[in-house]
Amino acid sequence: MTEAAAPDHGFRTAWAAMLRTGHGAAVRPGVLNPLIARTADLLHRAAEEHPFRPELAGQVGALLIDNHFTDPQLLSDAVQLIQTRPVPDGRGPALSGAFAAGWAAALRERTLREQEAIRLAADTARQEVERALRVSEARFRALFESSAIGIGIGDTDGNILAVNRALGEIFGGGPEDMQGVRVNDLMHPEDTPGVWEAYEELIGGTREYFQFDKPYYRRDGEVVWTHLTVSLIRDDDGSPLYQVAMLEDVTDRYRLQERLRHQATHDPLTGLPNRAAFFERLERLFESPEPDARFGLCYVDLDGFKVVNDSLGHDMGDQLLTVVARRLESALSPLGHMVARLGGDEFVVLLENCRGEQEAVAAAKTVLAALTRPVVIGDHRLAVGASVGVLERRISSTTPGAAVRAADLTLYRAKEAGRGRWTLFDPKENARAVSRYAVSVRMPAALDRGEFFIDYQPMIDLSSGAMTGVEALVRWRDPQLGVLSPEEFVGVAEETGLIMPLGRWVLEQACEQAADWVARFGDRAPKVSVNLAVRQARNAGLVGDIDRILRSTGLDPSMLQLEITESTVVGPEDEALKALHALVDMGVSLAVDDFGTGWSNLAYLRDLPVSNLKIAGSFVGDLHDPAKDTHLGWRIVSGLVSLAHTLGLSVTAEGVESRADAERLRLMGCDLAQGWHFGRPVRPAEIARRIAEGDPDRTAELPAETGPGGVERRHAPLDAAPAARQLPVPGPDFADEPEIAPSAGPESAPGIGPESAPGTDREA
Amino acid sequence: MARPNWVPAGTDLDKPNAARVYDYYLGGSHNFEVDRRMARQAMELWPDLPKIMRANRAFLRRATQYVAADGISRYLDIGSGIPTFGAVHEVAREYRPDARVVYVDLDPVAVAHSRLILADDDLCQVVDADLRNTDDLLSRPEVEELLAPGEPVAVILNAVMHFVTDDDESAKILARLREALPSGSALILSHASLEGRPDQAGSHQDLYRATPTPLTMRSREQITAMFEGFDLVEPGVVYLPEWRPDDADTVDPHPERMTGMAGVGRLS
């Protein structure tokens, strides 16, 4: 640089500018600047020094290549620039030539070097990949060969190409035994429907994989169950290439499942399908029925099975059931019907694809016929009959649950109608029974849940107008059915036996309440009157129960009256009579409720230790029936009053709705009265209020009547009281529940009793 | 379906490869006929391509100098390709002789080549990983080691994000990288752009469609969005030659001809 800087200053500037553009822009200054200086110096020396050393220009070309100035455009630019530099003694062409040759030679070297480097890199990469592939393949091979899962590879034509050891073992041989086997050879009659369709789709390329539990025949002929997964492998273009099957031997699990399934779906005693299996089959029938498909149910219950069981023992009962099951099975299965045991002595016959009522009835007749012959067990010839409820419907018209319930209720009707017969489902009967059914299934839990409560209806001494007694009336507030009156559930309670705990509960509650009033109001406290169901009266524990209750509540026995019906005692030898005497001895008083509605045996009435007759509300109610003779009505009532007085009994008139009636009853000597006129059944707090305020003489004070049976009249007693106090009276909840309308209980067995006022249903 | 980690990637030398094509544009010979054929085809359509690639390389050089001068001595060069000249460690070490660089590429040949030339450099590592599998990339021991001390790291995504086709995916990748970076780190990014030569964009993308790495050009707005979470260093996202030129006078009067756009962001 120091030598002759001035003469080639222009060249140096142009040289530097050339190297800074293009590729030079990407070269860092720390490299580029020394390069520019170095090459300019070398060119200067080549041009000026003696002797002439053209190889110095060659070095410049090589230096440029070394720094990646490989663009041929640069060579062209550089040669032209070198040509413009003044050079002594004609060195110019040689100088340019040497530079170009140095550049080209270095480029060739560099190119070859880089080619070699990239080849080496490519080889290295390929070797690396190959090594990795080998490792990977070794892994796969190990996976394939030592896998516990059977793996097989086949082509899309169904030829099995390779299988592993585990697969060979599943088939009871070695991998070599699968040579030449085709996938289609592996069909099994128990193959899940759809498995081969899925297979066709897979090898056809329209499905990527499928999974099934599939059975295969082993080489020894045994069946092996496998969990099979088949996947499709495609080539790079996406065409199906291979199928890979993975099989897991699940035979043990399958067998266990089968056994558990059989156990879960079959009755161990008879071997028939059980309740669960029946419902499963029934529900499957309902899953996607043809529009007009019909089905039939015969609900079968043996007549008198309980007697066999109780008198001859459970073993005998079980043997009987086994024989019955066998007979039903052999009579009905050939017809294509399913026979199941639902439990106890209940069986059911399911007719799928039923052609009509006739077929269902025919099945029922077949059931009865199969059981006509006596069953011989040991020394016993057991005449066993059955009742059958027959239901035949279009599937789309009902649900499995409703159908079974309806068939059960129809069976119940067959039993009621006198056993040994079949009864056909009747929608009207069914609707009635369904409500009873609803009540019966809900009631047991209701008692536990505290859904029952007691209202009290005043009983008035007609001569003084004082409230001397109250009748306890049980109510049930069911979360779904609303508030039910006794008519709606007492009958069912009697049938189911729930009347016993319920009756005891009512007695406890009423006595506790009465004792509370005595404690608070002394002499002004009313006597409490509680209805006693027939079954309660016949229960041996009744006297003990009442004694215990009186003791625990501290209620004076004279403050308790029990109301029984005429049918409670049916004869002088009746056990119930003893209990009633014991109660009266204890100090409890008895009343005959609903007198005059049953076939009263006046002779027994004389023997009954009762002190009060309650004339049924219908007698007073009839006085306002335009279709009935009012005069005669009054004479009957009057006669009943005289009769009672003749027998030395006091008389209570029920269903008194007007002041006029009350007055007339008082005049004819009737002792007590109850009914809407004197107050409807209310919560205990309302009774307490009336005691506290001093019960006014209703006969004198109440407003005049508006007419018979009118709403105003019905509300009259409460109109006199502040509105807020009406609240605890059971409200209209029940009216919101139209779907299940509880039917009235048996008319003759009011048990815990309807209130002595016209229809609770009116209130509802 | 994604390739499981334990199944090796293939090397298909019958297909052009972005790293080797790039090398050819830059006047290198680390390429095969198949790469050159594609490059020549592209240059026929767009003769400026070598210049654009050189401009991109020059940007990387300037950006690296910028962050190195600012004290960053750790670099993660993702999509490093075949660094024939002006490799990041060479540029950075002019300012930070202790500069460490982890080069990342998914092309096995590029990786093998980088390993060959960097075999003797203890401060440089080469990792074969896929940017799109960001978690895997970040969990490589070499990368973890680079990030571990919590010192600022410059992540270089030089002409690589345009190989990530999906916008959502590219946003996720950048977010994941950003989360992993210590404060004070930098993002150096350049990207093929739709701006400047929209007439060329279509045919160029078509060419890359045949490679294992199809190319997606993006707008300035989309490229700027990639710096989300970073503070863009002046002059922001600009055409390659416009980013802090050595000498403002030497910038080509038509920087838009160098259609790539680039920028540098810092993480506060």
Counting other C-beta atoms within 10 Å, which of B:Arg54, A:Arg234 has the fewest, and how do the rest follow?
A:Arg234, B:Arg54
Once label points are set 7 Å from the Cα along Cα→Cβ at both A:Glu495 and A:Glu287, what is their separation, rounded to one decimal in nm?
3.6 nm
Going through the cross-link list A:Lys428/A:Lys628; A:Lys306/A:Lys614; A:Lys365/A:Lys428, which pairs have a Cα-Cα distance over 28 Å in this structure?
A:Lys428/A:Lys628; A:Lys306/A:Lys614
If packing is taken as the average count of other Cβ atoms within 10 Å, what order do A:658-666, A:638-646 fall into, highest mean first?
A:658-666, A:638-646
Quote to one decimal, in nm, the extra length available between A:Ala162 and A:Ser330 on full extension: 0.36 nm per residue of separation minus the C-alpha distance between them.
55.4 nm
With Cα coordinates, the longest principal axis of chain A makes an angle with the long axis of helix A:499-521, in degrees rounded to 10, of 70 degrees
Out of all DSSP beta bridges with both ends in the protein assembly as shown, state the antiparallel percent to the nearest 5.
65 percent
State the extension gain, in nm to one decimal, for the chain segment bounded by A:Leu120 and A:Arg538, taking 0.36 nm per residue of separation less the distance between their alpha-carbons.
139.5 nm
Based on DSSP H assignment, which helices of chain B show an axial Cα extent of at least 24 Å together with a mean Kyte-Doolittle hydropathy greater than or equal to 1.0?
none
Per-residue [θ]222 nm for chain A (sum of -39500 (n - 2.57) over DSSP H runs n ≥ 4, rounded to 500):
-15000 deg cm²/dmol
Classify segment A:269-425: rounded, prolate or oblate, from the alpha-carbon gyration tensor (a ≥ b ≥ c, eigenvalue square roots; a/c under 1.5 rounded; otherwise prolate if a/b is larger than b/c)?
prolate
Among A:550-561, A:16-27, how do they line up by average Cβ neighbours within 10 Å per residue, starting with the highest?
A:16-27, A:550-561
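For B:Val109, A:Val543, what ranking results if the residue with the fewest other Cβ atoms within 10 Å of its Cβ goes first? Each step should come with its number before you reach the end.
Numbers: B:Val109 27, A:Val543 18.
The most exposed by this proxy come first: A:Val543, B:Val109.
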C-alpha center-to-center spacing [segment A:101-139, segment A:207-256] in angstrom
45 Å
In chain A, with Lys and Arg counted as +1 and Asp and Glu as -1 at Cβ, which of these residues, A:Gly401, A:Val388, A:Phe144, has the Cα nearest the positive end of the dipole, that is, farthest along it?
A:Phe144
Hey, got the average number of other protein chain Cβ atoms within 10 angstrom for residues in A:124-132?
6
Just to verify a number: FRET efficiency for A:Arg520 and A:Ser611, C-beta to C-beta distance, R0 = 25 Å, to 0.05?
0.45
Taking every eigenvalue of the Cα gyration tensor of the protein assembly as shown, multiplying by 5 and rooting it, what semi-axes result, largest first, whole Å?
110, 43, 22
Given the rule -39500 (n - 2.57) for each run of at least 4 DSSP H residues, summed and divided by the residues of chain B, what is its mean residue ellipticity at 222 nm, to the nearest 500 deg cm²/dmol?
-11000 deg cm²/dmol
With R₀ set to 25 angstrom, the calculated FRET efficiency between the beta-carbons of A:Trp196 and A:Arg253, to the nearest 0.05, is 0.60
Label model pair B:Asp122, A:Ala17: point-to-point distance (7 angstrom along the Cα→beta-carbon line) in nm is 4.8 nm
Taking Cα atoms, the helix A:575-586 axis meets the longest principal axis of chain A at an angle in degrees (rounded to 10) of 80 degrees
Take B:Ser219 and A:Arg207, extend 7 Å from each Cα along the Cα→Cβ direction, and tell me the distance between the two endpoints in nm.
4.8 nm
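Take the alpha carbon gyration tensor of segment B:46-266, find the square roots of its eigenvalues, order them as a ≥ b ≥ c, and report rounded if a/c is under 1.5; if not, report prolate when a/b exceeds b/c, else oblate.
Because its axes are fairly even, with a/c under 1.5, segment B:46-266 counts as rounded.
Calculate the mean, over all residues of peptide B:22-30, of how many other protein chain Cβ atoms lie within 10 angstrom of the residue's Cβ. All intermediate terms of the calculation are to be shown ahead of the outcome.
Working: counts 0, 2, 0, 0, 5, 11, 6, 11, 9.
Per residue, the number of nearby Cβ atoms from other chains is 5 on average.
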Would you mind checking segment A:317-350 for residues with the amide N under 19 Å from a putative spin-label position 7 Å along Cα→C-beta of A:Leu269?
A:317-330, A:339-349
When a footprinting reagent is the concern and you count Cβ atoms within 10 Å, what order do A:Asp236, B:Asp130 take, fewest first?
A:Asp236, B:Asp130
So if we plug the beta-carbon distance of A:Arg139 and A:Ala685 into 1/(1 + (r/R0)^6) with R0 = 56 Å, what FRET efficiency do we get, rounded to 0.05?
0.10
Any idea what the relative contact order of chain A is, in percent, if you count C-alpha pairs under 8 Å spaced at least 6 apart?
8 percent
Alpha carbon centre of segment A:472-528 versus segment A:340-418: separation in Å?
40 Å
Can you give the Rg to Rh ratio for segment A:503-559, taking only C-alpha atoms and Rh from Kirkwood?
0.99
The size of the Cβ-based charge dipole (Lys, Arg +1; Asp, Glu -1) of the protein assembly as shown about the Cα centre, to the nearest 20 debye, is 480 debye
Rounded to a whole number, the mean other protein chain Cβ count within 10 angstrom for residues of B:72-85 is 1
Could you work out how far the C-alpha centroid of segment A:16-41 sits from that of segment B:144-182, in angstrom?
33 Å
For segment B:46-266, whose charge dipole is built from +1 on Lys and Arg Cβ atoms and -1 on Asp and Glu Cβ atoms, the candidate among B:Val164, B:Cys124, B:Leu215 with its Cα farthest towards the positive end is B:Leu215
Quick note, segment A:9-118: a/c under 1.5 would make it rounded; otherwise a/b > b/c is prolate and the rest oblate (a ≥ b ≥ c, C-alpha gyration tensor); here it is oblate
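Read-outs throughout are calculated quantities, based only on the coordinates presented, and are distinct from any laboratory measurement. These numbers were taken from a predicted model, which means no experiment stands behind them. Glycine gets a Cβ as well: all are built from the backbone with ideal geometry, and neighbour counts include every protein chain shown.
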